[in-house]
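FYI, it's all coordinate maths here, none of it is from the lab. Fair warning: this is a prediction, and the values are worked out from it, not measured in the lab. Every residue, glycine as well, gets a Cβ built from its backbone with ideal geometry; the counts of neighbours run over all protein chains shown.
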Amino acid sequence: MIGLGDLGRFIGLQFSDRFTMEERQYQIIKNVLFDIRLPRIAAAVLIGAALSVSGAVFQSMFINPLVSPGLLGVLSGASFGASVGMILAKSWFVVQLSAFAFGMIAVLAALAISSLNRGDRLLMLILGGIISGALFTSLLSVIKYLADPYEQLPAIVYWLMGGLSAVDRMTVLTVGGPIIGGICMALLLSSYLNVLSMGDEEARSLGVNVILLRFIFIFLATVISALTVVLGGIIGWVGLLIPHIARMIVGPDNRILLPSAALIGAAYLLVTDNAARLLFRVEIPIGILTSLVGIPFFAFVLCKAKKGWS
């Protein structure tokens, strides 16, 4: 027979096991929600908004519908920096820091190359970006050739495809502030971007310091696009495609265009990330999906984009 003391211990054990199980379930839900899902959602929103605003800024400033955030070599430089970080250190923080640093160095190299010639400033800036991007792309090829083919090379290749599977809460909190700050600064200066899109001569006739404003916009667009590489690697076509869609909807006024591009880009990358996780049995890199969707869709958008620029 079971005595009253044994019965009490049995009931207490049952309640203790149940409480422990509820605690475990709560901890699992908390970890999944706050450590995995919310950081990934926040990263997708930040990357989509940052790349879209960066692309819209470059397209308006250079008055060119084919300009993207990688124009001045920032993506090539960041790719090279990340690969160097993977070769020299196993710390993910070092990889991210190296990606951001070399992204900025690539843009500085493009600006330095453009300053060597006193011709058309915009044209020389684009050519400087092409040269800088080609240089760091070549250096990246050297790194990939020298990397360990069993461990380092697969990690580099996978990272270059772009993805949000490695995003963590601390990285989002660290990088999110500067990205949001850069986007807000671009929104506040959007009226000056309208003036720059009229051309240098018209802007100077209105008393605008063209060189200073262009440097500010290049700095803002470069920083936020380089930080997206820190978060999710190379995610292409967002900064080229989304500004066209936003321009078709709201027109060329940058005071409305930039926030619209940010919202559309955030929603687009969030949906694309969910598709990358759920469409197949295994998660595919989001950069592959944005390219597969972006290429045919951009061809369609270009046929309809004329009214957005008029």
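Suppose R0 equals 25 Å. What FRET efficiency, 1/(1 + (r/R0)^6) with r the Cβ-Cβ distance, do residue 303 and residue 64 give to the nearest 0.05?
Efficiency, rounded to the nearest 0.05: 0.90.
Hey, got a sec? Which GluC sites (Glu not before Pro) in the stretch 131-227 land in a DSSP loop and have at most 13 other Cβ atoms within 10 Å?
Of the GluC sites (Glu not before Pro), the ones in loops of the stretch 131-227 whose Cβ has at most 13 other Cβ atoms within 10 Å are 151.
Report, as a whole number in µm² per second, the diffusion coefficient that Stokes-Einstein gives for the chain at 20 °C and 1.002 mPa s using the Kirkwood radius over alpha carbon pairs.
Rounded to a whole number, D works out at 102 µm²/s.
Return one number: the angle in degrees, 0 to 90 and rounded to the nearest 10, between the long axis of the Cα atoms of helix 238-250 and the longest principal axis of the Cα atoms of the chain.
Once rounded, the angle reads 70 degrees.
Relative contact order for the stretch 48-309: what percent, with Cα pairs under 8 Å and sequence separation of 6 or more?
Relative contact order for the stretch 48-309 comes out at 30 percent.
Find which of 150, 243, 104 sits farthest along the positive direction of the dipole of the chain, computed with +1 on the beta-carbon of Lys and Arg, -1 on that of Asp and Glu, about the Cα centre.
Most positive-ward Cα: 243.
May I have the pair-distance distribution P(r) for the stretch 160-310, computed from all Cα-Cα distances with 5 Å bins from 0 and rounded to whole percent?
2, 9, 15, 19, 19, 16, 11, 6, 3, 1, 0, 0
Percent of Cα-Cα pairs per 5 Å bin, from 0 to the last occupied bin, for the stretch 108-208, please list those.
Computed distribution, short to long bins: 2, 10, 10, 10, 15, 18, 14, 10, 7, 4, 1, 0.
With each pseudo-label sitting 7 Å past Cα toward Cβ, what's the residue 202-residue 263 distance in nm, one decimal?
2.7 nm
Put +1 on the Cβ of every Lys and Arg and -1 on every Asp and Glu Cβ in the chain; which of 162, 185, 57 then has its Cα farthest towards the positive end of the dipole?
Result: 57, furthest along the dipole toward the positive end.
Neighbouring Cβ atoms within 10 Å as the yardstick, rank 237, 92, 159 fewest first.
Neighbour counts put them in this order, fewest first: 92, 237, 159.
Sorting 290, 228 on the 10 Å Cβ count, fewest up front, what's the list?
Lowest count first: 290, 228.
Please give the length that would be gained between residue 191 and residue 89 if that part of the chain were fully extended, namely 0.36 nm times their separation in residues minus their C-alpha to C-alpha distance (nm, one decimal).
Stretched out fully, the residue 191 to residue 89 stretch lengthens by 32.3 nm.
From the helices alone, meaning DSSP H stretches of at least four residues, give me the mean residue ellipticity at 222 nm for the chain, per-run term -39500 (n - 2.57), in deg cm²/dmol to the nearest 500.
-26500 deg cm²/dmol
What share of Cα pairs, in percent, lie more than 19 angstrom apart in the stretch 13-159?
Every Cα pair in the stretch 13-159 considered, those over 19 Å come to 66 percent.
Under a point spin-label approximation (7 Å from Cα along Cα-to-Cβ), what is the residue 184-residue 295 distance to one decimal in nm?
4.0 nm
What size of dipole, in debye to the nearest 20, comes out for the stretch 48-309 about its Cα centre when the only charges are +1 on Lys and Arg C-beta atoms and -1 on Asp and Glu C-beta atoms?
With Lys and Arg at +1 and Asp and Glu at -1, about 300 debye.
Taking the Cα centre of the stretch 22-180 as the origin, how large is its charge dipole in debye, to the nearest 20, when only Lys and Arg (+1) and Asp and Glu (-1) carry charge on their Cβ atoms?
In total the dipole reaches around 200 debye.
Counting other beta carbons within 10 Å of each Cβ, put 235, 284 in order, fewest first.
Listing 235, 284 from fewest to most nearby Cβ atoms yields 284, 235.
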